[in-house]
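Chemist: Here's a structure for you.
The values are calculated or read from the model by the stated rules, or taken from the named source; none is laboratory data. Because the structure is a prediction, the values reported are computed rather than measured. Positions of Cβ are backbone-derived with ideal geometry, glycine not excepted, and every protein chain shown enters the neighbour counts. Protein only, heavy atoms only, side chains kept; ligands, DNA and RNA dropped before computing areas. Shrake-Rupley method; radii C 1.70, N 1.55, O 1.52, S 1.80 Å.
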Number of protein chains: 4
Amino acid sequence: MLKIGLIGYGYWGPNVARNFQALKETQVALICDQDPRRLRLAGENLPQARLTQDPREVFGSDVDIVAVITPVFTHYELASQALKAGKHVFLEKPFTSTSAQAKRLLDLAAARDLRIMVDHTFLYTPAVQKIKSFVDQDQLGRIYYYDSTRVNLGLFQPDVNVIWDLAPHDFSILDYVITEKPLALVAHGQDFFGQNLERVAYVTVYLENDLIAHFNFNWLSPVKVRTTLIGGDKKMLVWNDLEVDEKIRVYDKGVSVDTREGQYNLLVEYRAGDMWAPRLEHREALRAGADHFVRGILQGTPIVSDGQAGLRVVRMLEACNQSLRKGGKLIKL
Amino acid sequence: MLKIGLIGYGYWGPNVARNFQALKETQVALICDQDPRRLRLAGENLPQARLTQDPREVFGSDVDIVAVITPVFTHYELASQALKAGKHVFLEKPFTSTSAQAKRLLDLAAARDLRIMVDHTFLYTPAVQKIKSFVDQDQLGRIYYYDSTRVNLGLFQPDVNVIWDLAPHDFSILDYVITEKPLALVAHGQDFFGQNLERVAYVTVYLENDLIAHFNFNWLSPVKVRTTLIGGDKKMLVWNDLEVDEKIRVYDKGVSVDTREGQYNLLVEYRAGDMWAPRLEHREALRAGADHFVRGILQGTPIVSDGQAGLRVVRMLEACNQSLRKGGKLIKL
Amino acid sequence: MLKIGLIGYGYWGPNVARNFQALKETQVALICDQDPRRLRLAGENLPQARLTQDPREVFGSDVDIVAVITPVFTHYELASQALKAGKHVFLEKPFTSTSAQAKRLLDLAAARDLRIMVDHTFLYTPAVQKIKSFVDQDQLGRIYYYDSTRVNLGLFQPDVNVIWDLAPHDFSILDYVITEKPLALVAHGQDFFGQNLERVAYVTVYLENDLIAHFNFNWLSPVKVRTTLIGGDKKMLVWNDLEVDEKIRVYDKGVSVDTREGQYNLLVEYRAGDMWAPRLEHREALRAGADHFVRGILQGTPIVSDGQAGLRVVRMLEACNQSLRKGGKLIKL
Amino acid sequence: MLKIGLIGYGYWGPNVARNFQALKETQVALICDQDPRRLRLAGENLPQARLTQDPREVFGSDVDIVAVITPVFTHYELASQALKAGKHVFLEKPFTSTSAQAKRLLDLAAARDLRIMVDHTFLYTPAVQKIKSFVDQDQLGRIYYYDSTRVNLGLFQPDVNVIWDLAPHDFSILDYVITEKPLALVAHGQDFFGQNLERVAYVTVYLENDLIAHFNFNWLSPVKVRTTLIGGDKKMLVWNDLEVDEKIRVYDKGVSVDTREGQYNLLVEYRAGDMWAPRLEHREALRAGADHFVRGILQGTPIVSDGQAGLRVVRMLEACNQSLRKGGKLIKL
């Protein structure tokens, strides 16, 4: 039985605690939060867990895993202490505030043979798992573009821009689903209130093999949109995460281009076929993620959203800010 | 009665001819096309019109207006001859291949006191007219962003990229609806077939007053999308041009930000109110546009999509290509 | 080359004329309408056709087919004269005002070996053809119900109720697609303006094998709905005729019931699988129907919407009125 | 502080308990269920509540209110004992299995001055409250029809047909929103498995003032639909309960009929105006209902879904079964 020590029982913490508690291989032994009201709530939800306001108590305890569910600027400090104390670490996304921090945590973990998992929950949803399987089975063929829109009337974050708030989802999905490596990216955006924190932003990523990815982030949209288009030469798909039952629609549509004629007389053929919406399971992604992490620790199996994956996402987030600060400069990855 | 000479009876020419013919102030006197089959069709549709394969016959005739409904690379040559022959000119969009050509045509027209109209048909749709009236009445308040998606499985153009094919619509609408002036733009995109013709492209425009505009163009989308979001501090709207009855939805939603506290403690208030879909007329935009042009000539009234407007759009299209050729450089306008 | 004489060049007549004219085996030789303005329009659209205001000229002419595109109360008189004059007959739906009239027309046609086709256009749409093929291939399995909603803010007909206006579509589709025979039906409805003409009506049809069909007709709906659900034990489908691209969605969903246990402990299993939208051709149904009729005449092949089919629909329409007049009495068919 | 004794901690019981517990005027003192596992769950969720398997313990206790959240066939027995013991009663819908039982419970309550509330939760939703306010303010004008579709792939109930399962929602809403009294109704339906339990059913209700209501119930639909159309001569509305944000859409559309001309030349005018979606609160209806009941008891204010309302709904359910048994006979109410 693995013991979990959880730091940060705010908005997301209760979900993490509930899901680890529900696994038969783990139990939440210790919960830490500076806010006494949150601690009281933790006590009601998980009566068997010990409570504390002092993170050091977690590091000094006999827990096997420390779950860090706190704001990103605290991740490096808390995770490094946990690792030094010999604990496996589960962190809320994004992994860290800088890629340098991420690398140091990876070194710490490697030196102690400890595992790190970043909570890129979307990777464990039935929808993303299905898309990944399509790509792995080459059902889409050569992929031309990946185009995501993630907009809504969102909560303004006091300390990060819309990219750091929303992009970790999309960047981790891109990193997981698309095998082509990202080569460079560019970000454009706008703050409207003189705080130098972009509330809307547009990111374009150039990947290997002429694949292009684009992301539309907006905290000021009257309507909520969660739509991703992936266009391949065999098939194309639309993932609308707001659909209840048919989140993924696969279109047997496309364009086949015959370039033998040379670029001035291109033979283009259009294909319009059936649409197909695969059935998706209804299960909680965080449960699947927690289970995946625990199996990774117990059986030494690979972890999809491990520290390396977390680092790749942080690199992209960093590059976005660099590009924004330099007026839309293309940043090599 | 104004006489029209129409050059180019291809895909769009018949619509232009039919609408000018339907106006009581105009009649189509002469139709020119190099393709005898198209000419035969013209003869069937407009029995009273004279037919020719030679544009010079149009310039030498007594028509008052020459309508140029041909590929863009021919616009300058045909329009300049028409103007030199003392004819008013109606041109298919985009106005010209370069802003230099556009300026020369404007000079020719000014010297002869002739009128030019570019066929930016969308400006005459009930939907765009309604949006324009909202902005003029300050119903949206300060506008934060303008975000348009125009994607579908589109016909590959042999000679232009997806921006020159689709953006004239959006750029002309932005130019018409938004009072803030565009300051600079940047374009990113990708060709997938080694022809240096982008099939997907993303354009970001920076305008006065921190207004940002963004455009998503794609010839390789399995689904057709024609959606524009406009976010203001009083109201926000979504224009979905594929809706039959409720193309425009106005949301009494927004965020009001109190910055007096200084940038580190921003007071943000969210507003979520009613949604409202104004009724729109069902009428043919091209008819309204032709009528608008004719009244402009007969009464000397301003023409919304005149040569100056056409030039502003061509400048933006030129800037997009410059930006693409320079790897996403920000181009001042 | 078969010659067509068309009587009635009102709202629908031009479409019928255009489509017969477009077939290589037929030409519209004669057009009859009492309204001179409609005749003038006919002359413009089909310059080669002779024009007349007198139907007798049509019957006395050498045309092979008479198309009767007039209000239903005139069908019997015009069609019987056409048949007596030895002409094949194409009639607008519904076939006749009474089943007695329909039978007499069938007898006239049989005696002269002439063909009758009723213009149940929907049967020739790609959507209905696809549904028919699903049923013929037993893809839906045992069919439990057929449920259609056909509502909109419709034009009030001065002389017929909403059932006679809208139901011919649905009844002809039911008759074509569903192999089980209708046994009885019941109709309920309401007029709101003291004219004894129902503006909303609901029809339930009991068919063989416990199959039930239901129809919701409404001339006073703020929204237009054209949706049919067909539920089988193998698959279920939703046909939304207002969808542009995905009119038919087939659901691998269902309930399998094991009744061996006896009726008090029924074993019910629910199945929820993929959804699939077959690609449909984009073609004009009336063209396909006209072609089908002409081939029927020239090659003696069966006609899907022949007079017998027309009679079956009229019987159902008659039964609806009987049921309405008798306060919702169940009428045997 | 009012004490609640809750009988039946199955699917719905926990929601009722949680909401009464959340009110400051009430606490759940006693929970009764025959299933020990359900009792254990109750103990975990409401540690302060006493637990029992014997309903008599509830009646003998000092609770002020008994909540009966059990299958309908047990309602009469449990509620009558509760009333005899001097308890106010909150019952799951439908009120009782027969109107005779309902009347006896009403008499028992009247004799003891006790209050009864039936859990017609929908009446306390923001959507229904909004529709009620529209009708009360005469915004819809004269109402022509009320048309509800409530279909999905539903759980087969072992003992009741689809009407008794789904119609209590719609009938209670009709009873609450529409002021015209129902005069008669008719039901048609079909079982497919030889159990004499309709799985699909269609109910038509005739009300005063030529108002007609129609209900489409289906346990075998591949798609879930929860849509109600209400058509008036001033405005029409569509309530789609599956919409997240815009459940109600009000259409300034209609038909105005001038009958002075007499029934053979009716002057009909069509109106097509704006659409408007009023903002609705996001709150739990059961909480509002529980609060409404408690205020009714403490302040003697009327209860919207009191026993009389419950009885009117049971009468309609009874009439549906009578109509079904008599082959679709019209049943007077």
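Chemist: Can you list the residues of the range C:217-258 whose accessible area drops by at least 40 Å² going from the chain on its own to the full set of protein chains, with a 1.4 Å probe?
Modeler: Hits at the 40 Å² cut-off: C:Leu220, C:Pro222, C:Val223, C:Leu229, C:Met236, C:Glu246, C:Tyr251, C:Lys253, C:Val255.
Chemist: Give the Rg (one decimal place) followed by the Dmax (whole number) of the protein assembly as shown, computed from C-alpha coordinates and expressed in Å.
Modeler: Computed over the Cα atoms of the protein assembly as shown, radius of gyration and Dmax are 35.3, 107 Å.
Chemist: Find the Rg to Rh ratio for chain D, where Rh is the Kirkwood radius over alpha-carbon pairs and Rg uses the same atoms. Before the final figure, lay out each step's value.
Modeler: On the way: Rg = 21.4 Å, Rh = 21.3 Å.
Ratio value, two decimals: 1.00.
Chemist: Over what distance in Å are the Cα centres of the range C:1-40 and the range A:201-260 separated?
Modeler: Computed from Cα coordinates, the inter-centre distance equals 48 Å.
Chemist: Another one. If each DSSP helix of 4+ residues adds -39,500 (n - 2.57) and the sum is divided by the residues in chain B, what number results at 222 nm, nearest 500 deg cm²/dmol? Each step should come with its number before you reach the end.
Modeler: On the way: 9 runs with 110 residues, N = 333.
Counting only the DSSP helices, I get -10500 deg cm²/dmol.
Chemist: Further question on the same structure: Using only protein heavy atoms and a 1.4 angstrom probe, determine the accessible area buried between D and B, summed over both sides, in Å² to the nearest 100.
Modeler: Values: alone 15820 and 15820 Å², together 30620 Å².
Buried area (both sides, nearest 100 Å²): 1000 Å².
Chemist: What list of ³J(HN,Hα) values in whole Hz, one per residue of the range D:173-186 in order, does the Karplus curve 6.51 cos²θ - 1.76 cosθ + 1.60 (θ = phi - 60°) give from phi, with Gly and Pro shown as x?
Modeler: Couplings: 5, 4, 4, 7, 7, 8, 7, 4, 7, x, 9, 7, 9, 9 Hz.
Chemist: Where Rh is the Kirkwood radius over the Cα pairs of the range A:271-330, the temperature 10 °C and the viscosity 1.306 mPa s, what D in µm²/s does Stokes-Einstein return? Could you put the intermediate results ahead of the total?
Modeler: Working: Rh = 15.5 Å.
Estimated diffusion coefficient is 103 µm²/s.
Chemist: Right, next: If you count only protein heavy atoms with a 1.4 Å probe, what accessible area per residue comes out for the range A:180-219, rounded to a whole Å²?
Modeler: Details: 930 Å² over 40 residues.
With all protein chains present, the range A:180-219 gives 23 Å² per residue.
Chemist: Would you mind checking which residues have amide H under 5 Å from B:Gly141's amide H? H placed 1.01 Å from N; only 5 or more apart, or other chain.
Modeler: So B:Gly141 has HN proximity to B:Lys234, B:Lys235.
Chemist: So, R0 is 22 Å and r is the distance between the beta-carbons of A:Gln34 and A:Gln157; what FRET efficiency does that work out to, to 0.05? Working shown, then result.
Modeler: Details: r = 20 Å, r/R0 = 0.89.
It comes out at approximately 0.65.
Chemist: So, one more: Taking 8 Å as the Cα distance limit and 6 or more residues as the minimum spacing, I'd like the relative contact order of chain B as a percentage.
Modeler: Details: 705 pairs, mean separation 59.4, N = 333.
Relative contact order here is 18 percent.
Chemist: In square angstrom, what is the accessible area per residue of the range D:77-154 with a 1.4 angstrom probe? If you can, show how the numbers build up before the last one.
Modeler: Working: 2530 Å² over 78 residues.
Here the per-residue accessible area is 32 Å².
Chemist: For C:Lys253, list the lysines whose Cα falls under 20 Å from its own Cα; do not include residues on the same chain fewer than 8 positions away.
Modeler: C:Lys253 reaches A:Lys130, A:Lys247, C:Lys130, C:Lys132, C:Lys234, C:Lys235, D:Lys224.
Chemist: For chain C, take the longest principal axis of its alpha carbons; what is the angle in degrees between that and the long axis of helix C:307-325, to the nearest 10 within 0 to 90?
Modeler: Result, in degrees: 70.
Chemist: Measuring nothing but label to label, 7 Å from Cα along Cα→Cβ, what are B:Gly10's distances to the other copies in nm, shortest first?
Modeler: In ascending order, 4.3, 5.8, 7.0 nm.
Chemist: Suppose a student asked you for the relative contact order of the range A:2-114, using Cα pairs under 8 Å spaced at least 6 residues apart; what percent would you report? Present the calculation step by step, with values, prior to reporting the outcome.
Modeler: Working: 201 pairs, mean separation 27.8, N = 113.
After rounding, I find 25 percent.
Chemist: Starting from the Cα of A:Lys326, draw a straight line to each of the lysines and keep only those under 17 Å, dropping any in the same chain fewer than 8 residues away.
Modeler: A:Lys326 reaches B:Lys326, B:Lys329, B:Lys332.
Chemist: Oh, and also: Could you give each residue of the range A:41-51 its phi-based ³J(HN,Hα) in whole Hz, using Karplus coefficients 6.51, -1.76, 1.60 with θ = phi - 60°, and x for Gly or Pro?
Modeler: 4, 4, x, 5, 6, 10, x, 7, 7, 7, 10
Chemist: For chain C, modelled as a GNM with alpha-carbon contacts under 10 angstrom, which of C:Ser80, C:Ser305, C:Ser172 fluctuates the most?
Modeler: Residue with maximal mean-square fluctuation among C:Ser80, C:Ser305, C:Ser172: C:Ser80.
Chemist: Give, rounded to the nearest 20 debye, the magnitude of the charge dipole that the range C:2-114 has about its Cα centre when Lys and Arg contribute +1 at Cβ and Asp and Glu contribute -1 at Cβ. Mind dumping the intermediate values first?
Modeler: Numbers: 14 positive and 12 negative charges, 18 e Å.
Dipole about the Cα centre, nearest 20: 80 debye.
Chemist: A follow-up question, please. Residue-wise, which Karplus ³J(HN,Hα) couplings in Hz belong to the range B:71-81, taking 6.51 cos²θ - 1.76 cosθ + 1.60, θ = phi - 60°, and x for glycine or proline?
Modeler: Per residue, the Karplus-derived 3J(HN,Hα) values read x, 4, 5, 9, 4, 4, 4, 5, 5, 5, 5 Hz.
Chemist: Ranked by accessible surface with a 1.4 Å probe, highest first, in what order do C:Arg56, D:Arg104, C:Arg150 come? Mind showing how you got there, number by number?
Modeler: On the way: C:Arg56 165, D:Arg104 115, C:Arg150 15 Å².
So, going from the largest accessible area down, we get C:Arg56, D:Arg104, C:Arg150.
Chemist: Please name which of B:Ala187, B:Ser148, B:His120 has its Cα lying farthest along the dipole of the range B:112-221 towards the positive end, using unit charges on Cβ (Lys, Arg +1; Asp, Glu -1) and the Cα centre as origin.
Modeler: It is B:His120.
Chemist: I would also like to ask the following. Plugging the Kirkwood radius over Cα pairs into Stokes-Einstein for the range B:2-114, at a temperature of 10 °C and a viscosity of 1.306 mPa s, what D comes out in µm²/s? If you can, show how the numbers build up before the last one.
Modeler: Numbers: Rh = 13.9 Å.
Once the numbers are plugged in, D ends up at 115 µm²/s.
Chemist: If you don't mind, there's one more thing I want to ask. Show which aspartates and glutamates lie in cross-link reach of B:Lys87 when reach means a straight Cα distance below 18 angstrom and same-chain residues fewer than eight apart are skipped.
Modeler: B:Glu25, B:Asp54, B:Glu57, B:Asp62, B:Asp64, B:Glu77, B:Asp107, B:Asp113, B:Asp119, B:Asp291, B:Asp306
Chemist: Return the single residue from B:Asp62, B:Asp54, B:Asp119 with maximal mean-square fluctuation; model: Gaussian network over chain B, springs between Cα atoms under 10 Å.
Modeler: Checking each option, the largest mean-square fluctuation is seen for B:Asp54.
Chemist: Now for a different question. Across the residues of B:173-186, average count of Cβ atoms on other protein chains within 10 Å? Intermediate values should be presented prior to the final figure.
Modeler: Details: counts 0, 0, 0, 0, 0, 0, 0, 0, 0, 0, 0, 2, 1, 6.
That works out to 1 on average.
Chemist: Do you know the relative contact order of the range B:68-173, to the nearest whole percent, from alpha carbon pairs under 8 angstrom that are 6+ apart? Walk me through the intermediate numbers first.
Modeler: Numbers: 92 pairs, mean separation 24.8, N = 106.
It rounds to 23 percent for the range B:68-173.
Chemist: Specify the residue with the greatest mean-square fluctuation among D:Val66, D:Val250, D:Val205, computed from a Gaussian network of chain D linking alpha-carbon atoms under 10 Å apart.
Modeler: With Cα springs under 10 Å in chain D, the top fluctuation among D:Val66, D:Val250, D:Val205 is at D:Val250.
Chemist: Heavy atoms only, probe 1.4 Å: what % of the accessible area of chain A goes to carbon and sulfur, would you let me know? Before the final figure, lay out each step's value.
Modeler: Working: 6550 of 13160 Å².
Ligands and nucleic acids excluded, carbon and sulfur reach 50 percent.
Chemist: Name the chain C residue with the Cβ nearest the axis that maps C onto A: which is it, and what is the distance in angstrom?
Modeler: C:Trp276, 3
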